[in-house]
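Below is one structure; the comments refer to it alone.
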Amino acid sequence: MLGFLKEPVVVTAKINVSLVALTVLGLMSRLWGLCYPRAVVFDEVYYGQFVSLYMKRIFFVDDSGPPFGHMLLALGGYLGGFDGNFLWNRIGAEYSINVPVWSLRLLPALAGALCVPLAYQILAELHFSHCAALGAALLILLENSLITQSRFMLLESILIFFILLAVLSYLKFYNLQKHSSFSGSWWFWLLLTGVACSCAVGVKYMGLFTYMLLLATAGLHFWHMIGDQNLSNVSLLCHFLARGLALIIIPMGLYLSFFYVHLALLYRSGPHDQIMTSAFQASLEGGLARITQGQPLEVAYGSQITLRNVLGKPMQCWLHSHTNTYPIRYENGRGSSHQQQVTCYPFKDVNNWWIVKDPGMQQLVVSNPPRPVRHGHIVQLVHGITTRYLNTHDVAAPLSPHSQEVSCYIDYNISMPAQNLWRVEIVNRESDTDVWKTILSEVRFVHVNTSAVLKASGLSSLPEWGYRQLEVVGEKLSKGYHQSMLWNVEEHRYGKSQEQKEREVELHSPTQMDISKNLSFMAKFTELQWKILTLKNEDTEHKYSSSALDWITMDTNIAYWLHPTSGVSMRGRGSCEAFENA
């Protein structure tokens, strides 16, 4: 029974000396002097801000891609004990002593170093000669641009690492297919392919190209398997399910998990959350949550509300009115109704408050019990401070002559009667009897008399007579539900004061009710994903922007870092894709 003790235990292993040497050289070239220069280099000024926000748990949105790459950079800061206190305001700024430069640059450097042995193994799995594989690895090892971008807090080396890992994993899986199907190593490489693809996409959306390539390759290979007479239908089904699990289900789940961790870490309000919906903002600690926490959930007749435009472009704004009227004639000679102005105002203000009134009753307070407003109900919106009714009529809007002017009605005793009835349409309702809810409901206001829809036009600001505020119109032809036509209640209280003076005091006071509003993870993920995909403004290009042609001709030259005393500089061509030391 103990006979195995009579002989020594011997372990044999094959070691590819070339592979080990390439790995060591890759690590040396990327890690040597990693802290130099101890100053902000090019896009470190960009990614460093996100690392600081992670350290402080402050929410942000980056339109360049998903959050996984940023979280890896933040992991380096966390492991180095970074507290997030550094002002990332300019390239070349010297790092303070609390910034762990080596830790922040470590993960990109390791990823860049491991690209060298990965390149060698990819060519070996493609059955190229040892010399060809060695030559490819040496090209990766000695490429100056790859060395440079691997040594700083950038995402390119991490993206390339996961792309190469995905390709290598699939090649190893494919080469095991003929003789080791469903073995442990077969499953390992197949699953690693899906994981690496998800990580590549999670770093930057450029990884989608590799993911699509491998999905198409796997589909082609499976198509060839269908014609193999040696495989039974059950075996084909198992192969199909295995590939679906590893290459589709697991990557999708992993991609969702990146956002789950991202949102779990960033639970505090910050400067970026204002582009999100009111419901999203209210789910964050601080900021809007401090204002909206404890508000009544259901909007009722007599409710005092502020209405935020869902689109939030060109900036977030709230339905607003003030005592000033539209000019009798505009600069272009067109006439107006000379009624009280209604605008969309991009700041919190007491003039943003409106009262939801039942057209059949005179009272402006919430009854006991409250009578909730439902989808399809007819309401009047009374401006809280001036007590004038939201109105529209067949008069051209100031900046959008094809749309109707929106105003608060003033009775000039002329042949222009009030038209102030609005139908509430809850766009994201689950049924036609849904109650209008604070923050959660996205609502259209359809004018009863003209069927025009209340809309923030999204055009440039009004002239000086409108205090440069944003135009609000009645859109006559409303097909679909464009976000500029949607409004949600952001601040809300149940009105208690019938007298105007008491009501003004009430409008200036904070709310004190007790209802919580929490978004599900999937709701937050969907909104954040949509913002990432649509936030980028193509009209805003910085001075270092370059076209794809510039990357080939290398005409564009920009400085990535300049030594403060010697004048030694690091310069790049076109963009972060190419570098030269000067």
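The values are calculated or read from the model by the stated rules, or taken from the named source; none is laboratory data. If you're wondering where the values come from, they're calculated on a predicted model, not measured in any experiment. Because the Cβ atoms are built from the backbone with ideal geometry, glycine has one as well, and the counts that use them run over all protein chains shown. Just so you know, the surface numbers come from the protein's heavy atoms only, side chains and all, with ligands and any DNA or RNA stripped out. Shrake-Rupley method; radii C 1.70, N 1.55, O 1.52, S 1.80 Å.
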Packing-based ranking, highest mean first, of 243-249, 317-323 given that Cβ atoms within 10 Å are counted: 317-323, 243-249
Pairwise centroid distance, computed over Cα atoms, of the stretch 319-340 with the stretch 201-217, Å: 54 Å
Ranking by accessible area, most exposed first, for D432, D228 with a 1.4 Å probe: D432, D228
Degrees, to the nearest 10: 250-265 long Cα axis against longest axis of the chain: 60 degrees
Folded to 0 to 90 degrees: helix 68-79 orientation relative to the chain principal axis, Cα: 70 degrees
Relative contact order of the chain, pairs being alpha-carbon contacts under 8 Å that are 6 or more residues apart, as %: 13 percent
Rg followed by Dmax, in Å, when the chain is reduced to its Cα trace: 31.0, 114
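Once the Cβ-Cβ distance between N175 and V61 is put in as r, and R0 is 35 Å, what FRET efficiency do you end up with, to the nearest 0.05?
Working: r = 42 Å, r/R0 = 1.20.
Computed FRET efficiency for N175 and V61: 0.25.
Over the stretch 295-513, what is the mean sequence separation of C-alpha contacts under 8 Å (at least six apart), divided by residue count, expressed as relative contact order in percent?
27 percent
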Other-chain or far-sequence residues with amide H under 5 Å of K437's (modelled H): V299
Cβ charges +1 (Lys, Arg) and -1 (Asp, Glu), total dipole of the stretch 9-99, debye: 280 debye
By average C-beta atoms within 10 angstrom, highest first, the peptides 8-18, 361-371, 171-181, 64-74: 64-74, 171-181, 361-371, 8-18
Pairwise FRET efficiency - K6 versus Y36, Cβ, R0 = 60 Å, nearest 0.05: 0.55
Most positive-pole-ward Cα, Q304, V356, W422, against dipole of the stretch 295-513 from beta carbon charges: W422
Inter-site label distance for V20 and L220 at 7 Å from Cα along Cβ, in nm: 3.8 nm
Difference of contour (0.36 nm per residue) and Cα-Cα distance, L231 to H272: 9.3 nm
Solvent-accessible area per residue, Å², over the chain with all protein chains present [probe radius 1.4 Å]: 49 Å²
Along each principal axis, Cα extent of the stretch 295-513, largest first, Å: 51, 39, 33
Calculated FRET efficiency for the pair K476/M315, C-beta based, R₀ 25 Å, to 0.05: 0.50
Kirkwood-based Rg to Rh ratio, the stretch 17-265, C-alpha trace: 1.03
Expected 222 nm ellipticity per residue - DSSP helices of 4 or more, -39500 (n - 2.57), all of the chain, to 500: -11500 deg cm²/dmol
Burial ranking of peptide ranges 144-156, 89-101 (average Cβ count within 10 Å, highest at the top): 144-156, 89-101
Amide H contacts under 5 Å for V406, placed H, 5+ residues apart: G474
Degrees, to the nearest 10: 184-203 long Cα axis against longest axis of the chain: 40 degrees
Amide H within-cut-off set for A93, under 5 Å, with H built and near neighbours excluded: V40
With every protein chain in place, the stretch 197-344: carbon and sulfur % of accessible area (1.4 Å): 67 percent
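Mind scanning K56/K348; K313/K357; K56/K437; K437/K476; K437/K496 and naming the pairs with a C-alpha gap bigger than 24 Å?
K56/K348; K313/K357; K56/K437; K437/K476
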